[in-house]
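I have placed the structure first, in the form of structure tokens, so that the comments after it can refer back to it.
Values quoted throughout were computed directly from the atomic coordinates according to the rules given, and no laboratory measurement underlies them. Computed from a prediction, not measured in an experiment: that's the story for all the values here. All Cβ positions, glycine included, derive from the backbone under ideal geometry; neighbour counts span all protein chains shown.
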Amino acid sequence: MGKPRIMLGLPLLALGLFIATASRLLALSNGVDMDPFAWWVRGCVYCEPASTARLLAFVSYYMVFSGIVFAGISLSTVSMALGSLGLSLPLIVWSLMNTYLFVPEYLWKLLLATPLLLLLFAIVIVVNTYTGLPILFYILHHYVILELGIVSPNTGLIVIESAGYRLVLDPGSALLGLAALLALVSTVVEYATMRIMSRRVVVEEKTAETIKGIEEHVVRKGVSPECREVKLSLFTKYPEVVVEKCLQGREVHGYVVEEYIGKGGFGIVVRAHAREDPSDKSAVKLLLPMPLESSSTTPSKMMRSVIDIAKDIEREASNLRELSARSPYVARLKAIHIDSERLHKAILNDSLEVYMLSPPAIIMEYLGGGSLADFMREAMHSRLLDPNSVEWIRSAAAMGAVIAKALAHVHGSGFVYEDMKPTNILFTSKPPLEPKKLLEEMLKALLAPEEARVVPKLTDLGAAVRLKTPVIQLTPGYAAPEVEGYDVICNEMGKTSAPICSQPPRAEPSHDVYGLGMIMLQLLTGMSQKQIVRLKHSKLCRLSHEKGMVCDTSKLAGIIRVKGPSTIIVSLIERMLSDNPEERPTASQVAACLACIAENDVVAWYKKCSSLCVAR
């Protein structure tokens, strides 16, 4: 969540509402009906100008609207504008009072009601509807019921008189106090959520170069030159070092390990070549017995053991190989070698040697062009990534269409990928950074993949699960709201009694569509994975114990900042990122829309693509 909102905005708002309640109670106890949000005209006109009640009202008013402004900095420009208008409203009223213009009575009443209306709308935007409800009822009580004379201003719920002191608690004060209490609760909840979410932000991967001091000494000492008696847990913790010292040149299921490539869900990936043909390169994924540190900053209870994963892959091996062979946009699985019993024995003995006798491995087509995440970093650095460049939008649309076609193929085979993110999309060759050449290559990949030099492909198909089976992994930011919300509320926060916890998420194609939507958002904004996570948790979504996460996609147009016909792609992304899975398009529909945008020039987008991209 945004720091200005939590650290300053919401606490100011809550404290201001508490002081407003106190000022009203103080005025009523002295026999004066006062609205702390109209103190400059009729607030305490019967009191001395410097009375305590009027001073408290003054302080509370500016605290409340200053809090709205600060909360809006990290959340909503609309709420920030409402707060700024509230701050300047007393000056406007004072100016009118000092003129000789005739101001009708109804206009005065409207001006007196305006601060509360601004407060109501701003609170609903930056806090929640529940906190705004007491303010709404306060407006009805103070400006409707009292103005119509239904109740007396001094009608109290509770009147306490003791030792010369008189305390009157009326409905208006009670409603203000309730709003203050709810704002305080929201502040605490937001702060707690911010702490949880901050732990979920994916951290930068550790490399051998960053393992220094004692940590490096322990690793070097633990890995002897002969690599005897190396613990499997050491391999899990420092895979790059162990690969370099112990596995380079070693044969794994007919492939000779060359070098460490990186970490992935439930394992690491190394480059290897066929024993008989060194030019035949492959990517070999080795499943490891625990989630790696870089996969997420917080362990999730949705993560099952690697043995369960291995058994699932073992059971689906032939189906996954066949699935990968039928699409030019899915990295081909050459072989799957899983021995779950030996893996279990290696884990029990914590032995790398036992593990390497028959390591659980998925041998895949080697794609040497780097990941989509790498390409986006280079595109930002070279200033290629421009959300209002037609060539960039068409290139991004072509990439998205290719991956959507891959997903449609996976879904049609009865599987769900469930781990969409830029690092899982690799290119066959390095994409060019010159805009025209990039567009040409992406169109070739979309229209004639067999002839294309640069093709983005969906990799790591071993992570795919059967439709309707339990969700076993997620990446914060890219996971669908109903999945990530369940994990945060039910697992990390432990609120198992929340309504959403009664139905654990199961794999659905709409989850993949959401993940692709977040990737398209990255392509059009140039945000990093860390920035995407923060955007989702601070501007797009909030936690809900009933739905997991409630998201508002209406802010996307302001975030992407495209103009004219380019807004057609925003309409598609809004649907893909809906918090209602039923409103998301299918992968095939996404592919059709993005392919239309990629294949046509901007002048034809509305005419040819609207029916495919905009919800009907």
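Observations on the model:
- Per-residue packing, averaged as other Cβ atoms within 10 Å, sorts the ranges 393-403, 16-26, 430-440, 111-121 into the order 393-403, 16-26, 111-121, 430-440, beginning with the highest.
- Counted charge near Gly515, where neighbours are those whose Cβ lies closer than 9 Å (Asp, Glu -1; Lys, Arg +1): -2
- Going by neighbour counts of Cβ atoms within 10 Å, the residues Lys237, Lys563, Lys405 line up, fewest first, as Lys563, Lys237, Lys405.
- Residue pairs exceeding 31 angstrom between C-alpha atoms, taken from Lys334/Lys468; Lys231/Lys334; Lys495/Lys563; Lys495/Lys530; Lys345/Lys547; Lys231/Lys530: Lys495/Lys563; Lys345/Lys547; Lys231/Lys530.
- Proximal charge balance of Gly558 [Cβ under 13 Å; K/R count +1, D/E count -1]: +2
- Counted by neighbouring Cβ atoms within 10 Å, the residues Leu287, Leu323 run from fewest to most as Leu323, Leu287.
- Burial ordering of Phe137, Phe235, Phe427, fewest other beta-carbon atoms within 10 Å first: Phe137, Phe427, Phe235
- Projected onto planes of every orientation and averaged, the convex hull of the alpha-carbon atoms in segment 372-613 covers 12.2 nm².
- Placing a pseudo-label 7 Å from each Cα along the Cα-to-Cβ vector at Glu322 and Arg275 gives an inter-label distance of 2.9 nm.
- Each peptide in 583-593, 61-71 receives the mean, over its residues, of other Cβ atoms within 10 Å, and ordering these scores from highest gives 61-71, 583-593.
- 10 Å binning of all Cα-Cα separations within segment 370-491, expressed as whole percents from 0 upward: 12, 39, 30, 16, 2
- One chain, two ends: Arg561 and Ile92. Fully extended at 0.36 nm per residue, the span grows by 165.5 nm beyond their Cα-Cα distance.
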